[in-house]
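Data first, discussion second: the structure below is written as structure tokens.
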Amino acid sequence: MLETRLDENTKTETSASRLQQAQRALAAAEWEERKERQQFNALETQEQQLCFELKLARTTENPPAALPAVQAAQRQVDSLSRKREQFARQKAYQGELVRTARQRLDAARRTYDDLQRRALELQNIIRREERTVAQWQQQIKDTEQQLARWERMLAEGQARLEQGRWEYAELAGLHWKSS
């Protein structure tokens, strides 16, 4: 019974630590996602600014002079587009990490809750068994007391029987031999 209690306590502690680990992993993933989202927003702003500058450079009256600026802006826009795609992939990957962490967290919570429920059930079973043992011990004590009373009554009855036999033998004129 004690081994069961220790085993249940160990499972509860392990489940609680797994729950805390999952919560920490989820918080870290959410923090990373926020950081990546901020960087992504900064890149989008930068890309919009470059697109505006590119349109402005294309609409100027001196296109050959603006050609290097347009090409540089175009390269920056292309670079930002690649970064945007990379961030989108990272965001998808982090989203998967967050989902996985949440699933693990939910599983750890369910396990922890199940173990807590089982621990309460075991505590109730232990209390019931302790009450049952106490009742049986009380019955044993009562039975032992009754047995002691009956033994006293038996001893008194045997003594009276012995006395009665002795008196009978005296009356009958026999020599009584005590058994």
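Here the range 100-114 is the region considered, the condition is being surrounded by fewer than 17 Cβ atoms within 10 Å (Cβ to Cβ) and not hydroxyl-bearing (Ser, Thr, Tyr), and the residue that is farthest from residue 24 (Cα to Cα) is 114.
Just one of the listed residues (117, 84, 127) is in contact with a helix residue (DSSP H, G or I) (Cβ under 9 Å, 6 or more places away or on another chain), surrounded by 10 or more Cβ atoms within 10 Å (Cβ to Cβ), part of a helix (DSSP H, G or I) and of a type in the set (D, E, K, R), namely 84.
Cβ-Cβ distances below 7 Å connect the following pairs, each with a first residue in the range 33-61 that is surrounded by 11 or more Cβ atoms within 10 Å (Cβ to Cβ), a second residue that is among the β-branched types (Val, Ile, Thr) and modelled with pLDDT under 75, and a separation of six or more residues or different chains: 54/70; 57/70; 58/70. In this structure, does residue 103 turn out to be free of Cβ contacts under 8 Å to residues at least 60 places away in the same chain and either assigned to a helix (DSSP H, G or I) or aromatic (Phe, Trp, Tyr) (or both)? So residue 103 passes the test.
The values are calculated or read from the model by the stated rules, or taken from the named source; none is laboratory data. As the structure is a prediction and not an experimental result, all values here were calculated from the model. So basically every Cβ, Gly included, is an ideal-geometry build from the backbone, and we count neighbours across all protein chains shown.
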